[in-house]
Amino acid sequence: MELGSNRKAEARTQFAALCYQSSKKSLKLLLITSRRLRRWVLPKGWPVDGMSPAQTAMLEAFEEAGVSGTIEEKCIGHYSYRKYLKRNSSVPCIVAVFPVKVKGLKKRFPEIGQRHRKWFSREKAAAAVSENELKDIILNFDPKQIEGERK
């Protein structure tokens with residue numbers, strides 16, 4: 001057995017954006033479809049050289065969902081999932097989640113023809129995603145705590 005031959009089994013890191021809009025009466029969360037399986041997911045991606053994890057999450061939110069907004073540098077949780085690759089292989093991924101207060105959605109963005117985006121209530125967003133850890137992050141997310149820390 002060659003040293004490092006099991007590298008594909010090592011967990012990889014990704015950064016995700018939990019995109020939201022809130023008012024006194026409601027909280028809405030934006031989910032997008034994955035390209036291959038069409039599951040509801042958060043915009044997320046691999047680390048980018050020269051960018052912080054939060055900046056990377058914001059870049060993914062724009063590229064995958066056309067989001068413009070304000071991202072928080074503080075991670076609000078982690079979840080894990082299996083990323084399915086070409087040739088029926090997969091890798092385990094750990095995803096750090098950063099909240100994004102959405103100011104607007106662009107009509108044109110890099111992955112517009114590859115994904116759908118939709119606003120959900122907290123409960124419906126939690127029901128729509130597959131990962132139990134992500135469900136918990138969504139159900140426990142409180143934008144008032146984040147916005148209170150910013151002041």
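Filter region 16-52 down to the residues that are over 15 Å from residue 125 (Cα atoms), modelled with pLDDT under 95 and touching a strand residue (DSSP E or B) at 6+ places or on another chain (Cβ under 9 Å), then identify the one that is most open to solvent (accessible area, probe 1.4 Å).
Here the residue is 36.
When you go through 100, 95 one by one, which is the residue that is β-branched (Val, Ile, Thr) and either in contact with a helix residue (DSSP H, G or I) (Cβ under 7 Å, 6 or more places away or on another chain) or farther than 20 Å from residue 33 by Cβ (or both)?
After ruling out the rest, the residue left standing is 100.
Give me the residue from region 73-83 that is free of Cβ contacts under 8 Å to residues at least 60 places away in the same chain and over 22 Å from residue 28 (Cα atoms) and, out of that set, surrounded by the most Cβ atoms within 10 Å (Cβ to Cβ).
That would be 81.
Quick grid of which residues meet (1) surrounded by 12 or more Cβ atoms within 10 Å (Cβ to Cβ); (2) more than 14 Å from the chain's Cα centre (by Cα); (3) within 17 Å of residue 15 (Cβ to Cβ):
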residue: 85; (1), (2), (3): no, yes, no
residue: 96; (1), (2), (3): yes, no, yes
residue: 100; (1), (2), (3): yes, no, yes
residue: 115; (1), (2), (3): yes, no, no
residue: 121; (1), (2), (3): yes, yes, no
residue: 134; (1), (2), (3): yes, no, yes
residue: 138; (1), (2), (3): yes, no, yes
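The values are calculated or read from the model by the stated rules, or taken from the named source; none is laboratory data. Fair warning: this is a prediction, and the values are worked out from it, not measured in the lab. Please note: Cβ atoms are built from the backbone with ideal geometry, for glycine as well, and neighbour counts cover all protein chains shown. Just so you know, the surface numbers come from the protein's heavy atoms only, side chains and all, with ligands and any DNA or RNA stripped out. Shrake-Rupley method; radii C 1.70, N 1.55, O 1.52, S 1.80 Å.
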